[in-house]
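The structure appears right after this line, and notes come after that.
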Amino acid sequence: MQYFQQEIETMSKAEKRALQSERLVNIVKYAYENQTPYRAKMDAIKLKPSDIKSIDDIYKLPFTVKQDLRDAYPFGMMARPKSDLVHLHASSATTGKLTVAGYTQKDIDVWAECAARCLVMAGADKNSVVHVSYGYGLFTGGLGMHYAGEKLGAVVVPASAGNTQKQIQLLVDFEADIICCTPSYIIYLAEEIEKMGLKIGKDIKLKGGVFGAEAWSEGMREDIEKRLNIRACDIYGLSEIAGPGVACDCQFKTGMHFQDDHYYPEIVDVDTLEPLGYDKSGELVITTLTKEGMPLIRYRTRDIASLNDDPCPCGRTSVKLNKITGRSDDMLIIRGVNVFPSQIESVLLKNENIQPHYHINVDRVNNLDTMEIVVELSPHIALDEVAHVEEIRKKLSADMASALSVSAKITLVSPGTVARSEGKAKRITDNRKLK
Amino acid sequence: MIKQIAVFLENREGRVSECCKVLKDAGINLRSMSIADTKDFGILRIITDDNELALSALKTAGFLSSLVELVAIEVPDKSGALADLLIALYEGSVNIEYMYSFAGANGHAQIGFKTTSPEKAVALLEQCGAKLI
């Protein structure tokens, strides 16, 4: 199976543009009429829905930020009464109020269609067994991929997160060929599968997977593909827009195909908010073109990435999202220098003496920021001399300093001692906030 | 030559006892122990009555451990005996990475050391008439 919805996925650029224009005009009118916050935002800059005539006018529209959603908690942003909604999801916010998204049945159907396109990119078809190890709940990962599998007509195994030994048993017994989870969890699963001595291809019959909800690097992808002999696709989504399925990459990995018939992406400069062209890195901004329950206009995702419009050999014509390089939320400012966890990860992946499991501890000592990176040694190395360990540490320390432009203390620990997460990995402890 | 197990231990409370408990549960008897320690981590070097079993028990329990060969000799119980052997090694340009002593089964003192040129070390020690283990 090559496509889930060939007609849409391979639509010509001109047709797509016309479809986006028509949908933008409608959604702006709909938002203005049904969402008080949008009416207020547009009235404030004297912008009328009729001023938006095509997708080229999108730059005239005001942005939406996460705080707008918090201010509207819980139902102030909904365009429909509760009686029309069928689902509520909420972001896994660690600070402040949750952000809520309401979905109508049509919204769920569109989301499932988009996510089903992604499963097909990972190699699934209606005969597949799709094992979903994302958490089920307010988090959109579990239910999103669940609906996608159903929409595709595959067999869905709603394993949810946790209980790794049982998950592996299910993978073996039900012969799943497709898996959906976070990238850090699939690496953990691969480790456990290796420990149990199970044979890849014989006991574990996985062919592909979609992995998301965390930023991960190309090196991690290669590691996953090699260990499990699968196609590892990066899937993007966020609960405010829709869960996983907003974008996903195919076997050619030219960037994640953005489902731009429903979700229109832009990249803007982080400081000036001016729109940037293709291949330029900035904040990803998304407009939902067809959502009924809670349309969002130019929503600032806080994810840092770039878009590309290069043709993809798979035949899909959508704009593509390059790997998320960071999240403005996750960005640490250490002694005035911006540091993204993804930069740290890429240094770790290049070093074969260690494993890409790490934790960052940030503190302030004598008014100076300190950063410690706790990282696991690889179980495959032999160490009997202090000097060997010191060499590994010094090399990492030097590579880290040159990649981050700020020094970090490297602490090496035994394999398996950095806490593994079964949902989103929590890799940073910032003790500066407590003082 | 004898075999030793080297175990990486991060500096954390109870880490040495966790390691010893793994060996106890596997029914392993320790014959010697030495720790090289720094502020952040240590390397525990042990010789046991069943190194293969000890290594597999430690690996299963998640300890980063490996088997290393050491040159080992029995040292005569008299003043200057060790010094003479070490001088011979030094003059033969054998570099010793680390060494430690332990008691042999017969109660005699033995020393084991790691070197980058074990064959040369063995040849030199044989020339000196040392009792190799």
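Structure notes:
- Only helical runs count toward this figure. For chain A, summing -39,500 (n - 2.57) over DSSP H runs of n ≥ 4 and dividing by all residues gives -9500 deg cm²/dmol at 222 nm.
- Shown here for the stretch B:13-55: trypsin sites (Lys or Arg not before Pro) in loop regions (DSSP other than H, G, I, E, B) with at most 10 other Cβ atoms within 10 Å, namely B:LYS39.
- Where labels lie 7 Å past Cα in the beta-carbon direction, separation of A:ARG335 and B:GLN127 in nm: 5.3
- Shape call, the stretch A:152-230: gyration tensor on alpha carbons, a/c limit 1.5: rounded
- Cα centroid separation - the stretch B:28-105 against the stretch A:246-269, whole Å: 58
- Of the listed residues A:ARG364, A:ARG298, A:ARG227, the order by accessible area with a 1.4 Å probe, largest first, is A:ARG364, A:ARG227, A:ARG298.
- Cα-based shape type of the stretch B:2-68, given that a ≥ b ≥ c are square roots of the gyration tensor eigenvalues and the cut on a/c is 1.5: prolate
- Within straight-line cross-link reach of A:LYS13, lysines at Cα separation under 28 Å, skipping those fewer than 8 residues along the same chain: A:LYS29, A:LYS48, A:LYS53, A:LYS60, A:LYS106, A:LYS151, A:LYS253, A:LYS280, A:LYS291, A:LYS320, A:LYS323
- The convex hull drawn around the Cα atoms of the stretch A:349-435, when projected onto a plane and averaged over every direction, covers 6.9 nm².
- Semi-axis lengths, Å, chain A, gyration tensor of Cα atoms, sqrt of 5 times eigenvalues: 37, 28, 19
The values are calculated or read from the model by the stated rules, or taken from the named source; none is laboratory data. Computed from a predicted structure; not experimentally measured. Using ideal geometry, Cβ is built from the backbone for each residue, glycine included, and neighbour counts are taken over all protein chains shown. Heads up: the accessible areas ignore ligands, DNA and RNA and are worked out on the full protein's heavy atoms, side chains in. Shrake-Rupley method; radii C 1.70, N 1.55, O 1.52, S 1.80 Å.
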